[in-house]
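The values are calculated or read from the model by the stated rules, or taken from the named source; none is laboratory data. Everything numeric in this text was worked out from a predicted model, so none of it was measured. Because the Cβ atoms are built from the backbone with ideal geometry, glycine has one as well, and the counts that use them run over all protein chains shown. To get the accessible areas, we keep the full protein, side chains included, count just its heavy atoms, and leave off ligands, DNA and RNA. Shrake-Rupley method; radii C 1.70, N 1.55, O 1.52, S 1.80 Å.
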Amino acid sequence: MFIIFGIFLLVIVLLIFFLRAQLFSSQTAVSIDDQLVPLEDHIKTCISKVGEPLIQTIGKQGGYLTLIEDTYSEYGATKISYLCYNRKKDQRCYNRMLKKEEIEETLSKAIEQELPTCLNINQFKKGLQLTIGNKQVTTTIGEQTILVTLYLPITLKKNNLIVQKNNFTKTFNYPLGKLYDVSKEIIRAETTTGSFDTQEYMTLHKGEIHIQKKQPYPDKLYILKTRQNDYTFQFMIQGEPA
């Protein structure tokens, strides 16, 4: 009976230690997860902070971030890219519009370069072992949204528990892709016939796209917006002085 009682007592003790270990492990896992949430928020906030003005500039400057001499015209206080160069004694023009993939690459590089100005991951250590890999940014321009993904392998470790996160995505609700497609149609018309009928286009598409056409001599300025969003994509068509 003493032997049986001793075995029973031993089992109880081992069970208590096992349950304590499990409880500690569970609390540690929750602790790591709790620190991962604000870390994700911090990274996405940083992406938003640096990405927002760059995306706005891309729209205002016709898809370009960096403007060099003779590639733009000023309208008010804004420098706006020529997306079509003048042909001498010809109403048509030469297309210099960027491909969508080029705009995506431009945004990705600019955002990646600016991230260190607001990214501070080490503040989330708090007793954890933190490992950070190399970062890379990719941008995907959709019709109504822009997805910016930061690929940054992060490992949080405490005791034998490990939590990993490899990428963080921020969605910007701007119709850059839609406006880009409309601008392609305008450029196609300007390069083939030398003119584009904005009223006919807006009527045909039931006012989904609003196109404002101005003529700051000797150029043409197109300002594009969607009905649901104030985001602007604008560009110049270079004209020839009389």
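Based on this model, can you work out whether residue 88 counts as at pLDDT 95 or above and open to solvent by 40 Å² or more (accessible area, probe 1.4 Å)? Spell out how you get there, then give the answer.
Working: at pLDDT 95 or above: no; open to solvent by 40 Å² or more (accessible area, probe 1.4 Å): yes.
So residue 88 does not fit the description; no.
Can you find a residue that is part of a strand (DSSP E or B), modelled with pLDDT of 95 or more, open to solvent by less than 50 Å² (accessible area, probe 1.4 Å) and closer than 19 Å to residue 234 by Cβ anywhere in the range 150-167?
No - not one qualifying residue is present in the range 150-167.
Please go through the range 39-95 and give me each residue that is closer than 27 Å to residue 137 by Cα and among the aliphatic types (A, V, I, L, M), ordered by number.
Listed by number, the residues that qualify are 39, 43, 47, 50, 54, 55, 58, 65, 67, 68, 80, 83.
Assuming residue 48 fulfils every condition listed in (1) open to solvent by less than 30 Å² (accessible area, probe 1.4 Å); (2) within 18 Å of residue 171 (Cα to Cα) apart from one, which condition is it?
With (1) open to solvent by less than 30 Å² (accessible area, probe 1.4 Å); (2) within 18 Å of residue 171 (Cα to Cα) applied to residue 48, the lone miss is (1).
Going through the range 190-219 one residue at a time, which ones are modelled with pLDDT of 95 or more, closer than 29 Å to residue 173 by Cβ and open to solvent by less than 40 Å² (accessible area, probe 1.4 Å)?
Selection gives 196, 198, 201, 202, 209, 211.
Go through 62, 76, 51 for me and flag whichever is under 20 Å from the mean Cα position of the chain (by Cα), farther than 30 Å from residue 163 by Cα and not hydrophobic (A, V, I, L, M, F, W, C). Let's see the steps before the verdict.
Working: 76 fails: under 20 Å from the mean Cα position of the chain (by Cα); 51 fails: farther than 30 Å from residue 163 by Cα.
Result: 62 is the single residue among 62, 76, 51 that is under 20 Å from the mean Cα position of the chain (by Cα), farther than 30 Å from residue 163 by Cα and not hydrophobic (A, V, I, L, M, F, W, C).
It is to be established whether one or more residues within the range 174-187 are touching a residue at least 12 places away in the same chain (Cβ under 8 Å) and touching a Cys at 6+ places or on another chain (Cβ under 8 Å).
Going residue by residue through the range 174-187, those that are touching a residue at least 12 places away in the same chain (Cβ under 8 Å) are 174-187.
Within this subset, residues satisfying the condition of being touching a Cys at 6+ places or on another chain (Cβ under 8 Å) are 187.
Within the range 174-187 (the criterion being touching a residue at least 12 places away in the same chain (Cβ under 8 Å) and touching a Cys at 6+ places or on another chain (Cβ under 8 Å)), the answer is yes, since at least one residue qualifies.
Looking at (1) under 14 Å from residue 107 (Cβ atoms); (2) out of contact with any strand residue (DSSP E or B) (no Cβ under 6 Å at 6 or more places or on another chain); (3) surrounded by fewer than 18 Cβ atoms within 10 Å (Cβ to Cβ), which is the one condition that is false for residue 77?
Answer for residue 77: the failing condition is (1).
From the set of residues in the range 101-149 that are touching a Leu at 6+ places or on another chain (Cβ under 9 Å) and hydroxyl-bearing (Ser, Thr, Tyr), which is surrounded by the most Cβ atoms within 10 Å (Cβ to Cβ)?
139
In the range 169-181, is there at least one residue being surrounded by 14 or more Cβ atoms within 10 Å (Cβ to Cβ) and over 19 Å from the mean Cα position of the chain (by Cα)?
no
Does residue 229 meet the test of being over 25 Å from residue 67 (Cβ atoms) and either touching a residue at least 12 places away in the same chain (Cβ under 8 Å) or surrounded by 20 or more Cβ atoms within 10 Å (Cβ to Cβ) (or both)?
So residue 229 does not fit the description; no.
Scan 198, 139 and give me the residue that is closer than 30 Å to residue 40 by Cα and β-branched (Val, Ile, Thr). Break it down stepwise before answering.
Values: 198 fails: closer than 30 Å to residue 40 by Cα.
Result of the check over 198, 139: 139.
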